[in-house]
Each structure stands twice: as structure tokens, then as C-alpha cells.
Amino acid sequence: MSEGDPGTAAAPYTDAARARLVAAFEACELAELARAAVPIGEHELHPDGTVRSQGSVLADAARVLGAAQRFFEAAAVFERLGGANWELVGDVLGVSAHIARARFTTAEDHFRRALLSPAEVTGPTGPTGSPGPLGEVSWWRAYMAREPLEAALDLDDWVLRHQDGDSGLGSAPVSGGLARRR
């Protein structure tokens, strides 16, 4: 593999590239959760139209909302690490810089800590790490910090499996766009 090849091991990606990778993962997770909520199974409704399992669709919606919140926060962190100041973040969201900073500082701090100590989380069932929204452990962020290329390649596979007439994505739609440190 050559140095410019997205498959090069141990690529030193920029913090902004890693933040974009986290945002990509959160978007993937959101898409998967939303997609799973679309089919209406025979097990959901009684023949008279009443609900068989009350609260299950609401629980699905809560998971989608949580994933959307994580994507929203990851996007803000990416913008900040990519050079956006709090005024720009606030302007995009229609709030003041002070409100934007208050809203996203914790997410940015969690991300920066994960970059400094990715070993903090051991895996999907790891007992430690930075809690995300709704008390979830952000194991994937630690995985991304520890193995960014592997995480990007996983997302390449996901994008390529879910193409719906998209063209021009190439063979590395995620990993190919990540900026490396010089």
C-alpha cells in the first residue's frame, strides 16, 4: 500500500478528520435506527387495530431522537475542530455564541478527552468512558480514536452496502475524504 492509499495502517489523521469520522458514525447509527422503525410488523397490531406492545414505537422514536442528538453534537464538534468559532456555530443554529458554547462545550471536551486517552473504553460493553446523551457509553468514539482507519473502512463498507442510486462515491466514500496530519 502506498502512503496516499486509504488502506495505509496507522494513518495519523487530524483531529477534525477524526471528529468528522465520529459524525459519520453517528449519522450511520441514526439512519439504521430510523430505517428499522419504518416496517410495520404483523406483531405490532391486533386485528382490531389496537397496539399489541404499547410503548414500543415510542421507545423506537426515543432511540432515533437520541441518535439524532448525538449526530447533532458530533457535527458541532467537527465544525469546532475544523476551525469554526462559537459565533459561527451560533449563527448556523440561530442562537448566540454564548448559547452555542454552553450547549456544545461538554461534547467537545468529551471528544478531546477520548483523543487523549482512547484506552479508557475497552469496547461496546466497556465499563468506563465518557457518557453520552441518555447515559450511553461512547465506546465507538474510543474505537475511532484508537483505530481511525479501521473505523473509516467499516463506514466505507456501510455506505457502499446502502447505495441507492448514489454515484461518484468511489470505493472509499468515508476513508478517502479524511485529512491526514502532515
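The values are calculated or read from the model by the stated rules, or taken from the named source; none is laboratory data. These numbers were taken from a predicted model, which means no experiment stands behind them. Here Cβ is always computed from backbone atoms with ideal geometry, including for glycine, and neighbour counts include all displayed protein chains.
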Q | Hits in the range 122-149 (condition: modelled with pLDDT of 50 or more and in a helix (DSSP H, G or I)) | A | TRP139, TRP140, ARG141, ALA142, TYR143, MET144, ALA145, ARG146, PRO148, LEU149
Q: Out of the residues in the range 150-180 that are touching a residue at least 40 places away in the same chain (Cβ under 8 Å) and not in a helix (DSSP H, G or I), state the one that is surrounded by the most Cβ atoms within 10 Å (Cβ to Cβ).
A: VAL174
Q) ALA119 versus (1) more than 20 Å from ALA76 (Cβ to Cβ); (2) under 17 Å from the mean Cα position of the chain (by Cα); (3) modelled with pLDDT of 50 or more; (4) among the aliphatic types (A, V, I, L, M): which is the lone unmet condition? A) (2)
Q. If you go through the range 14-56 one residue at a time, how many are within 22 Å of ALA84 (Cβ to Cβ) and in contact with a His (Cβ under 9 Å, 6 or more places away or on another chain)?
A. 0
Q | Filtered residues of the range 24-55 (kept if under 30 Å from the mean Cα position of the chain (by Cα) and exposed (fewer than 10 other Cβ atoms within 10 Å of the Cβ)) | A | VAL38, PRO39, ILE40, GLY41, GLN54, GLY55
Q: Identify, from the list ALA84, ALA67, ALA100, ALA61, the residue that is out of contact with any Gly (no Cβ under 8 Å at 6 or more places or on another chain) and crowded, with 18+ Cβ neighbours inside 10 Å.
A: ALA67
